[in-house]
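The values are calculated or read from the model by the stated rules, or taken from the named source; none is laboratory data. Computed from a prediction, not measured in an experiment: that's the story for all the values here. Glycine gets a Cβ as well: all are built from the backbone with ideal geometry, and neighbour counts include every protein chain shown.
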Amino acid sequence: MRWSKPRPLAPPSGRLSRGRLGPAALAFTASILLASTLLLNSSPEEKRITIYSNAANYSLPVLERNGDEYIGLLEVFEPLGSVTAKTNGPHWKFRYYDIDSDFTAGKTRARIRGSDYDLPASFLLENGRGLVPLSCLGTLMPRILGGPVTFNQNSRRLFVGNVAVHFTAQVSKTTPPKLVMNFTAPVNPMIATEPGKLRMAFNHEALVAPGSQALTFDSKVIPDATFRENNGAAELVVAATVPLIASFANNGRTIIIEPVPQAVAPTPTASVPRPPPTASIGPSGISAPASIRRYFAVVDPSHGGDERGASLTGQLAEKDVTLAFARVLRQELNIRGIPTLLLRDGDSTLSLDQRASLTNSARPAIYICIHVASQGNGVRVYTALVPTQAENNGPFLSWDAAQTTFQLLSRTAGNGLVAELHSKQIAARSLIAPLRPLNNITTAALALEIAPPSSDVAQLDSPAYQQSVAAAVAAGVADVRSQLEAAR
Amino acid sequence: MIPRHLIIAVAILLAITLGMSLYVWRMRGRVDRIEVSTIDTQPVAPPVAGASEQVTLYVAYDDAGVLRPKSVRIPLPVGRQERAAEILRALLPIYEDQFSPHPLAPGSEIRDVYLVDPGLAVIDLNAAFADNHRSGVLVEELTIVSLVQTLSANIPGITRVKILVEGRDRDTLAGHADLSNFYDVPAVTQAVAQLQNAQ
């Protein structure tokens, strides 16, 4: 079971006035806070080491014994090849392929490949499990593997052979500026945003620092980024004066970081609602409430890259039509004063989890996922089929049922779109579907399945048809803007 | 002048080469046919013997995008699990028919149904069912809700359904409908009601 962001726990401040809280209640609250602090301090983060190799990237727990850090030797080598271990009294015989090693419990001297090797602390034997001091891995492993190993003991990251992933980072001179990061191998970091920062945690990638751990850019919007390594993971923190959003390209080898789309001035027509005034940016230039209130849409052209989607005709793949339609929809939404971000603006592969994670961290007012089908006609507007027995755990929502609290909002938006499509003489139905990532999205979430207007599937690629559907959908989104904003 | 015995030897060798080529050519065609036939297109379960009973199948119709109930009499075994499998298998002749309202690929099969208390049913489809299924949100959804609704309507007590393909987890049926999660029967019933209302 995966979990999403915690629900807000506290009621809106201001509902409780301090005068109503008696001294007993204050003392009780203080004691709870004190106990929580002590509890949090007494349960430190588990120490881990991450090993990167051509065979596998894996993370292992680090054990504390006699004030030193230890690691199970069998677990270290198991993913790398054939290993066996045998206990004979105090002796622990370890074999990696045909390389024999002999360790003795309580002793610092071991024999590896027939020659002596001194450990920095005693070898430990616990129920047949051989433990070696962590600090020796940098010299012990090359002896057994017969190849180079790089061990960064402070960050507990160990690289077997030439597996490091390097990257370059450059801010473009465009408006708004974009930070383009190119990696030497595909990456899939966990991305989180907070006021003034975008964090990318690389838990499984052998990412190494460029020349300097602090990167500075010639940009006032994205002035710098910092590379950190700690407890078996690498982290890149991008600082900015505005809220940022990240998107992937080049099959995961490129990450583009740019400001969340700003509200643009709407076309001055009577039927289109004007965007609300955005909150003023404080002295620090960063305002979380402003970013939360900012009204914009995320449009997700489904499939892409290796995943072609449905074959609509011999030459026409679903992934190409979804992208073409998404671009038209972005244009139509922009015309109506709704800034829009496309999750992919090229032929790149994105997993469903990546799509949901990128959307949730951007906090849009609405998420619209585009699909195209050759069966039927008109447009089908879907909301998520969410399990009714979702296993929520306290303040945390089940990842698979994260949409639960937004279902009503999604249906309101869906009904608005269907009504607008009907008014433009386009056949439309409102349905519920088991379609990821709708159920993972924490805002109003819709999926559109666009079918041809008649039995002619080639019409799906027609700019005129795409334009008419996109205009109706954008008008529908504009119509429900007040409901979506009220919910935010 | 080429000696006569050499001419005869070369002729024999050419004849043998030609014969071997023809033989290899025929064997290659035969291997192709064998490989094709190993794709699971045959029924995997034996015919069922048992008293005929009336069951309600929920049949998908692509044109209207709805499920319609259909009463049929089929022989059903005694065991609850075997009955569940046979009821779902009764849908397949309808979907594989030439004039099917919701065509499934030839060779689509329900490998097994497992009932795990309390209230969980696991439907195991064969590879041909999923690999050759048409791709699209609605067509895939219709297949899934037809299976889940038919099962829950005829086997009391089923509250959740999980769909596997060849005994393994799979992300989607054919690129759209989610197979990674469990299906709650009440949620599926709600989706079916929406399908019927929206036609």
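Key figures
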| item | result |
| --- | --- |
| Candidates A:Gly128, A:Gly106, A:Gly81 - the one that is farther than 30 Å from A:Glu205 by Cβ and at pLDDT below 90 | A:Gly128 |
| Within the range A:354-385, tally of residues that are surrounded by fewer than 24 Cβ atoms within 10 Å (Cβ to Cβ) and within 10 Å of chain B (Cβ to nearest Cβ) | 3 |
| Selection from the range A:184-203 of residues that are buried (at least 17 other Cβ atoms within 10 Å of the Cβ) and closer than 17 Å to A:Asn54 by Cβ | A:Val187 |
| Number of the condition not met by A:Gln407 [criteria: (1) of a type outside the set (A, V, I, L, M, F, W, C); (2) assigned to a helix (DSSP H, G or I); (3) under 22 Å from B:Ser135 (Cα atoms); (4) within 12 Å of chain B (Cβ to nearest Cβ)] | (3) |
| Candidate set: the range A:210-264, residues that are part of a loop (DSSP other than H, G, I, E, B) and among the small types (Gly, Ala, Ser); chosen: the one surrounded by the most Cβ atoms within 10 Å (Cβ to Cβ) | A:Ala240 |
| The range A:157-178: number of residues that are part of a strand (DSSP E or B) and out of contact with any Leu (no Cβ under 8 Å at 6 or more places or on another chain) | 3 |
| Strands (runs of 3 or more DSSP E) wholly inside the range B:94-199 that include at least 3 residues being out of contact with any Gly (no Cβ under 9 Å at 6 or more places or on another chain) and within 14 Å of chain A (Cβ to nearest Cβ) | B:160-165 |
| Candidate set from the range A:424-447 (those that are small (Gly, Ala, Ser) and farther than 13 Å from A:Val379 by Cα); member that is nearest to the other protein chains (Cβ to nearest Cβ) | A:Ala433 |
| Yes/no for A:Arg330 being within 12 Å of A:Ala445 (Cβ to Cβ), assigned to a helix (DSSP H, G or I), among the basic types (Lys, Arg) and more than 12 Å from chain B (Cβ to nearest Cβ) | no |
| Residue count, the range A:430-471 (criterion: in contact (Cβ under 8 Å) with a residue 60 or more places away in the chain and out of contact with any Cys (no Cβ under 6 Å at 6 or more places or on another chain)) | 29 |
| Conditions (1) surrounded by 17 or more Cβ atoms within 10 Å (Cβ to Cβ); (2) in the same structural domain as A:Arg253 (by TED's automatic domain parsing): number failed by A:Ser172 | (1) |
| Hits in the range A:433-488 - residues which are closer than 12 Å to A:Ile366 by Cα, part of a helix (DSSP H, G or I) and of a type in the set (A, V, I, L, M, F, W, C) | A:Leu438, A:Ala474, A:Val477, A:Ala478, A:Leu484, A:Ala487 |
| Unmet criterion (only one of (1) within 22 Å of A:Pro387 (Cα to Cα); (2) without any contact (Cβ under 8 Å) to a residue 24 or more places away in the chain) for B:Ile123 | (2) |
| Number of the condition not met by A:Phe94 [criteria: (1) part of a strand (DSSP E or B); (2) within 35 Å of the chain's Cα centre (by Cα); (3) modelled with pLDDT of 50 or more] | (2) |
| Of all residues making up the range A:448-461, the number that are within 28 Å of A:Thr405 (Cβ to Cβ) and either of a type in the set (Asp, Glu) or away from chain B (no Cβ under 12 Å) (or both) | 1 |
| Number of positions in the range A:299-327 that are assigned to a strand (DSSP E or B) and without any contact (Cβ under 8 Å) to a residue 60 or more places away in the chain | 4 |
| Criterion violated by A:Leu119 - all others in (1) surrounded by fewer than 16 Cβ atoms within 10 Å (Cβ to Cβ); (2) without any contact (Cβ under 8 Å) to a residue 60 or more places away in the chain; (3) farther than 28 Å from A:Ala185 by Cβ satisfied | (1) |
| Residue match in the range A:396-408 (condition: surrounded by fewer than 24 Cβ atoms within 10 Å (Cβ to Cβ), touching a Leu at 6+ places or on another chain (Cβ under 8 Å), assigned by TED's automatic domain parsing to the domain that holds A:Tyr367 and at pLDDT 90 or above) | no |
| Candidate set: the range B:155-199, residues that are touching a Pro at 6+ places or on another chain (Cβ under 6 Å) and in contact (Cβ under 8 Å) with a residue 12 or more places away in the chain; chosen: the one surrounded by the most Cβ atoms within 10 Å (Cβ to Cβ) | B:Ala177 |
| Residue in the range A:85-93 that is under 30 Å from A:Val208 (Cβ atoms) and not polar (S, T, N, Q) present | no |
